[in-house]
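What follows is one structure encoded as structure tokens, with my remarks underneath.
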Amino acid sequence: MGEFMNIFIKSAFIENMVLAYFLGMCSYLAVSKSVNTAFGLGLAVIFVLGVTMPINWLINEYLLSENGLFGQDLTFLRFILFIAVIASMVQLVEMVVEKVSPALYSALGIFLPLITVNCAILGGSLFMVSREYNLSNSIAFGLGGGFGWFLAIIAIAAIREKIRYSDVPPALRGLGMAFILTGLMGIAFMSLMGIDPAVFAGPK
Amino acid sequence: MAEVKNVEEVKEPLFGKVEKKLITDPLNDNNPITVQVLGICSALAVTSLVYPSVVMSIAVIFVTGFSSLFTSLLRNAIPKPVRMIVQLVIIATLVTFVEMALKYFNYPVYKQLSVYIGLIITNCIVMGRLEAFAMANKPWRSFVDGIGNGIGYGAILIAVGVVREIFGKGTLFAGSPIEMKLIGANAGNVEYLINTAAESGIGSWFGWYTNNNLMVLPAAAMFIIGIMIWIQRSYNTKLVDVS
């Protein structure tokens, strides 16, 4: 349990998907104009990440690796299989959202199917493989990463709603400001891990 | 937007006006990163050094070009409801190919780029161009459009990489055969293919500079791209976001 919480907290805050690895930036920047839609997309991402991560873990372990079903190293199929799992999960989410909340469905529009190409989802699965997580670790990583993504998009959406009333130079308005705000948030989140004094000390 | 009307069958030059526009448009007016806001993830994550950024750009140009070509060839045969999955399979195959090639030819850079090579699959530029252009245009034009967008992406990637590496590490092309030490403590050691340390040159003027470690952090990339957008939009005022 300790390890589970450890990975959860770490992937949600310190190694935040958006703010430390820049995964899923496209939808993060495009859907963060209002808190309401950002909230819905954030929940969808938590769900998709939380579900695809264990499924992809099982596929990787029992189909693709050498001690899997076929007894051969099939890791070159990883990208194709992972993306197929993700695409079908997103399709599922799309159907559920359309049934449960048509308003949210129309607000999210094209960005709901685009969760498929949200780098955070595939990136999470690939990180899971490269870090050699086990099943419970990958569940923690999926939920934590999704939660971190959710937090980041809610925060930036809230800031962007307010910054509309500020006097930003015209050329920087909108996208440019969103980038700079994300950079500042990245620094803030980084300090959650505690800053290594050596980072700012310069070369010896 | 880069929209091209289907003209009747007239003999056209292989590289006419339309193709030229498809190449130049993504460099400024319709840049995938600063205007369309696609494919940001890798733009930020791999740019702390120039060399991996160059490799990444080449990989993306390859994938955008050929995925557009293949999608365009297949466009009349793909049924609408499953088109995303077909597109993803095309992209994933090409990316697998790139990954294998890179693993074989340049293992250190493969290690450095880690998961981001795989993430070309979910790079929105690739998918975006397939949806917006390749599904409606002829193969050659789609190929050119893909290459053009890849170049527009690569240009930003390398620009960010150059700024981050020079100010963050004081080097240029670190890790590649033409590694150079430009500024900082050991400035002036411009190393070319063989390790000959030069005591003169532009590098030696900047001996006083201390590396700015903020530039190595991911957040710096956000600031740099934000400032790039600022500069671009102050010159190209029609891009300014009025909302």
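The values are calculated or read from the model by the stated rules, or taken from the named source; none is laboratory data. Just so it is clear, the model here is predicted, and its values are computed rather than measured. We place every Cβ from the backbone using ideal geometry, glycine too, and count neighbours over all the protein chains shown.
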Does at least one position in region A:23-32 carry a residue that is at pLDDT below 85 and over 15 Å from the mean Cα position of the chain (by Cα)? no
Filtered residues of region A:153-184 (kept if charged (D, E, K, R) and either in a loop (DSSP other than H, G, I, E, B) or surrounded by 16 or more Cβ atoms within 10 Å (Cβ to Cβ) (or both)): A:ARG160, A:ARG164, A:ASP167, A:ARG173
Looking at the structure I just gave you, is A:ASN67 within 27 Å of A:ILE9 (Cα to Cα), over 17 Å from the mean Cα position of the chain (by Cα) and more than 12 Å from chain B (Cβ to nearest Cβ)? no
Only one of A:LEU43, A:LEU69 is of a type outside the set (Gly, Ala, Ser), farther than 20 Å from A:PHE127 by Cβ and not in a helix (DSSP H, G or I). Can you tell me which? A:LEU69
Within region A:153-186, which residues are more than 12 Å from chain B (Cβ to nearest Cβ) and either within 11 Å of A:LEU29 (Cβ to Cβ) or in contact with a Gly (Cβ under 7 Å, 6 or more places away or on another chain) (or both)? A:ILE153, A:ILE154, A:ALA157
So how many residues does region A:113-122 have that are touching a residue at least 60 places away in the same chain (Cβ under 8 Å) and in contact with a Phe, Trp or Tyr (Cβ under 7 Å, 6 or more places away or on another chain)? 1
